[in-house]
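Working notes, structure below.
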Amino acid sequence: MQIRRLKIKHFRGIEEMVWHPGPGVNCLTGPGDAGKSTILEAIGMVLSPAPGRVASEYDYFEGAVARGFSVEAVVGQLDDELLSAWPVAPLYTWMAEERKAQADPDPSGESVLCIRAQGTEDLEIEHVVIDPSEGIAPLSPSKRQLFGLSSIGPATVAFRELRMSRGSLLERNVDREQLRGLITEAMQASRDGFQAPEDVRKRLQALSKAREAIAPGTGDLSLGMLSPRGQNLLGMLGLFSATGDVAVPLFNAGLGTQQLTLFTLASSLIVGTPLFVVDELESGLEPFRQRDLIARLREAIGSDGQAFVTTHSPAAVGALEIGEMHRVDVRDGEHAVVEYPMSLSRVKDADPEALLCRLPVLLEGLTELGLLESVASVQLRKRSLTLDALGVRLIDGGGQPHVFPAIKGLRGMELRCGAFLDSEHTQTGKRAELAADPQIAFGTYAEGRCLEEALAGELPLEALDEVIALPDAGGRDRTEARYHQMTALAGEQSRTRLVDLAADMEETACRELFANAANKHEWFKGREGGAVIGGYLLAKHPNSPIMAAIRSFLADVEQLLSEPGSPPAGQ
């Protein structure tokens, strides 16, 4: 079973939206209140086998009950059991290239059903199938059950699906008819064996006498067990889990236990082409169980089924393929579901949180990551802020050949982002394009093609000698080795300070010597090395051109977050 087109109109916070989900796993990400859960609930509503659900006024867009709402699904990959539910199935033909369903048969297309759930002015939900020749016809719960929907999600789902309510996962796993007589006998035994406390019995006797005076012959009052109104006795049965002598109702168990139990029940029902809906896949599950659940979902749906999930978990995002991910956005009041481009695959794999944060900031490499982290944390701490509080994620871009396609992918989705890159003389014109885009916070070193050249060009020689004496990322003193490496490049084998070398050679040559040695021998490469340089600049040269460039970049990042317009990545 696969949904080819989902159309939502006037349902909850969605005024109108059309989405063409792909086969396999479809994961929805995006900011809070963007409508991710609403989309999954819409799918659950149109395919739910539960009978007689009553709508709430909050199910109607802006509370306009008179206008109604509708959720329409075009469903393909139909199995024989589903088609046999009709003497003549009311089939349309789905033309994939045009993304439309037509009434006329066409051998080049796919046979599909068009079904709809619609909210009426009387707060009722009607399920119908759209017949290309006869209009609409009711779609019964028994027919909807054949679509094989399995909902896994928050506690409200567990409360429904782990009880013997009509169409629930438990009811579909257990034959209700075998239990009907048993539960009736159990209820009668409960009534017969129920003994109220003495004080309660005396009060009931007094009430009986008072009523006898008003209505003679109406009998004595008593207490007994009742099934909840609106449910039959079977609806009182729920699934329990026992550990030792203690049995706990599963709808009161932990969220993770509920998720895994629901998946177990749903998996046992798979006959044809399953369709799963999993809201907040990570609920109650450790990262390793999240990854395992995704793998099991893929296995369960195979090549013919379909799964719709939402997540805010980096672990889940990391386990998904970029082609399985979609972002829900609201722009100018309109909802849209946008596919993540393949150019973001490397970013997702390297740092899954990049696709969940408010503003992803792609950096030249790990050195820039350590440098900006150290500077930003100090700068923001002065205002009781952190990068996490702002929703900013600093990301190792893995070099400019990878950074530029990733930024292009983000901007293609109309998302804001940031970039801090070297100013080396490659990728001509691309930095200028980034700097000119008002939706990108862009930064680079004021002088030099890389951090080492920027340090060599902007700090006094005495300061460069201090940099040489800084400990390496492991805290070890590498001063003597660095001087030997540096002077070896000059054709000497000595330990000579830069300020002393300047007496024998031009200052410019000394600075080049520092930059070349630092680069060649990777004195401060990596995240820890960048943090060492950041700490030094903050302590000794807070007003250097490098620090000015970083402060200006961080200010641009905050400004971008505060401006109206197209949303940041996670907002």
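The values are calculated or read from the model by the stated rules, or taken from the named source; none is laboratory data. Just so it is clear, the model here is predicted, and its values are computed rather than measured. Don't worry about glycine lacking a Cβ; one is built from the backbone with ideal geometry, like all the others, and counts go over all protein chains shown. Note: accessible area is taken over every heavy atom of the protein model, side chains too, but ligands, DNA and RNA are not part of it. Shrake-Rupley method; radii C 1.70, N 1.55, O 1.52, S 1.80 Å.
Annotations
- Close Cβ contacts (under 8 Å, 6 or more residues apart or on different chains) running from residues in the stretch 44-64 that are over 16 Å from LEU169 (Cα atoms) to residues that are hydrophobic (A, V, I, L, M, F, W, C) and part of a helix (DSSP H, G or I) comprise ARG53/MET45; GLU57/VAL65.
- Subset of the stretch 26-62 that is in contact with a helix residue (DSSP H, G or I) (Cβ under 8 Å, 6 or more places away or on another chain), open to solvent by 10 Å² or more (accessible area, probe 1.4 Å) and of a type in the set (A, V, I, L, M, F, W, C) - its residue that is farthest from ILE301 (Cα to Cα): PHE61
- The set of residues in the stretch 111-125 that are of a type in the set (D, E, K, R) and at pLDDT 95 or above contains only ARG116.
- Condition check for THR257 on (1) outside any loop (DSSP other than H, G, I, E, B); (2) of a type in the set (Ser, Thr, Tyr); (3) under 20 Å from the mean Cα position of the chain (by Cα): one failure, at (3).
- Residues of the stretch 210-236 that are at pLDDT below 75 and open to solvent by 50 Å² or more (accessible area, probe 1.4 Å): MET225, LEU226, PRO228, ARG229, GLY230, GLN231, ASN232, MET236.
- Taken over the stretch 31-49, the residue count meeting the criterion of being under 13 Å from GLU280 (Cβ atoms) and among the small types (Gly, Ala, Ser) is 2.
- Selection within the stretch 268-288: residues that are farther than 15 Å from SER48 by Cβ and among the charged types (D, E, K, R). The member of this set that is least open to solvent (accessible area, probe 1.4 Å) is GLU282.
- Selection over the stretch 7-20 of residues that are under 24 Å from PRO274 (Cα atoms) and surrounded by 22 or more Cβ atoms within 10 Å (Cβ to Cβ) gives a count of 1.
- Condition met for GLY429 (closer than 16 Å to LEU366 by Cβ, free of Cβ contacts under 8 Å to residues at least 60 places away in the same chain and loosely packed, with under 15 Cβ neighbours inside 10 Å): no
- When the residues of the stretch 82-96 are filtered to those that are part of a loop (DSSP other than H, G, I, E, B), closer than 22 Å to GLU134 by Cα and out of contact with any Pro (no Cβ under 8 Å at 6 or more places or on another chain), the one that is most open to solvent (accessible area, probe 1.4 Å) is PRO87.
- Hey, ALA406 over 18 Å from ALA549 (Cβ atoms), touching a residue at least 40 places away in the same chain (Cβ under 8 Å) and in a helix (DSSP H, G or I) or not: yes
- Some residue of the stretch 481-493 being open to solvent by 60 Å² or more (accessible area, probe 1.4 Å), assigned to a loop (DSSP other than H, G, I, E, B), in contact with a Ser or Thr (Cβ under 7 Å, 6 or more places away or on another chain) and modelled with pLDDT under 85: yes
- Flag for ALA502 being modelled with pLDDT under 90, closer than 22 Å to SER544 by Cβ and among the small types (Gly, Ala, Ser): yes
- Just one of the listed residues (LEU320, LEU344, LEU359) is in contact (Cβ under 8 Å) with a residue 12 or more places away in the chain and under 30 Å from PRO542 (Cα atoms), and it is LEU359.
- Residues in the stretch 102-130 that are open to solvent by less than 50 Å² (accessible area, probe 1.4 Å), part of a strand (DSSP E or B) and not polar (S, T, N, Q): GLU110, VAL112, LEU113, CYS114, ILE115, ALA117, GLY119, ILE125, HIS127, VAL128, VAL129, ILE130.
- Unmet criterion (only one of (1) under 31 Å from the mean Cα position of the chain (by Cα); (2) surrounded by fewer than 17 Cβ atoms within 10 Å (Cβ to Cβ)) for ALA539: (1)
- Identity of the residue in the stretch 63-81, part of a helix (DSSP H, G or I) and modelled with pLDDT under 90, that ends up least open to solvent (accessible area, probe 1.4 Å): GLU81
- Taken over the stretch 336-393, residues that are assigned to a helix (DSSP H, G or I) and surrounded by fewer than 16 Cβ atoms within 10 Å (Cβ to Cβ) amount to 8.
- Residues of the stretch 294-311 satisfying the condition of being open to solvent by 10 Å² or more (accessible area, probe 1.4 Å) and polar (S, T, N, Q): SER303
- For ARG99, the conditions (1) loosely packed, with under 13 Cβ neighbours inside 10 Å; (2) basic (Lys, Arg); (3) without any contact (Cβ under 8 Å) to a residue 60 or more places away in the chain are fulfilled apart from (3).
- Considering only residues in the stretch 131-161 that are open to solvent by less than 50 Å² (accessible area, probe 1.4 Å), among the aliphatic types (A, V, I, L, M) and in a strand (DSSP E or B), the one that is modelled with the highest pLDDT turns out to be ALA137.
- The stretch 505-545 - residue that is assigned to a loop (DSSP other than H, G, I, E, B) and acidic (Asp, Glu) and, of those, modelled with the lowest pLDDT: GLU506
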